[in-house]
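What follows is a short report on a single structure.
Each reported figure results from applying straightforward, stated rules to the coordinates on display, with no laboratory input. Nothing here was measured: the structure is a model prediction, and the numbers come from that model. All Cβ positions, even for glycine, are placed from backbone atoms using ideal geometry, and neighbour counts span all protein chains on display.
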Amino acid sequence: MEKTKFIAHKDHELCETPCHGGEGLWYFRDMMWAVDRKDRLFIKYIHSDIIPPGSSFGYHQHDAPPEEEWYICISGHGVMTLDGKDYDMGPGDISVCYGNGFHALKNTGNEDIRLLVIYASPIKQG
């Protein structure tokens, strides 16, 4: 395994998909596409996501530990649902869904929601 890595993303295009039974389309760019899975220690993926106005990803449950997913809102506004409770989400807000947790996100604003999403295994305490 290499000791360092630089990944240029200027030519890596956005993917378009419905997500977990949500409404409308959702766009993402896989930020780790150039890193082989065997070279990933804790992070499964990092996405740069765009959720247009009115679109959402559906309410779903994550697998049991050790997985966790972090959503960092860069811009836009929406409602993040975590284990049945709604939270207004905007720039600078972070939500975390741990193993066995449920979550969903709906763009309730007039502009795209832009997110950085990190999906990882927790670091074991020793």
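Lys-Lys pairs in the chain that are eight or more residues apart or on separate chains and whose Cα atoms lie under 28 Å of each other come to 14.
Ordering M32, M80, M89 from the fewest to the most neighbouring beta carbons within 10 Å gives M32, M80, M89. Between the beta carbons of L41 and V96, assuming R0 = 22 Å, the FRET efficiency works out to 0.70 to the nearest 0.05.
Charged side chains reduced to their Cβ positions (Lys and Arg at +1, Asp and Glu at -1) give the chain a dipole of some 460 debye around its Cα centre.
Once a ≥ b ≥ c are taken as the square roots of the eigenvalues of the Cα gyration tensor of the chain, is the result rounded (a/c under 1.5), prolate (a/b larger than b/c) or oblate (a/b not larger than b/c)? Oblate shape, in that a/c is at least 1.5 and b/c is the bigger or equal ratio.
Remark: T4, T17, T81 ranked as T4, T17, T81, counting other beta-carbon atoms within 10 Å and listing the fewest first.
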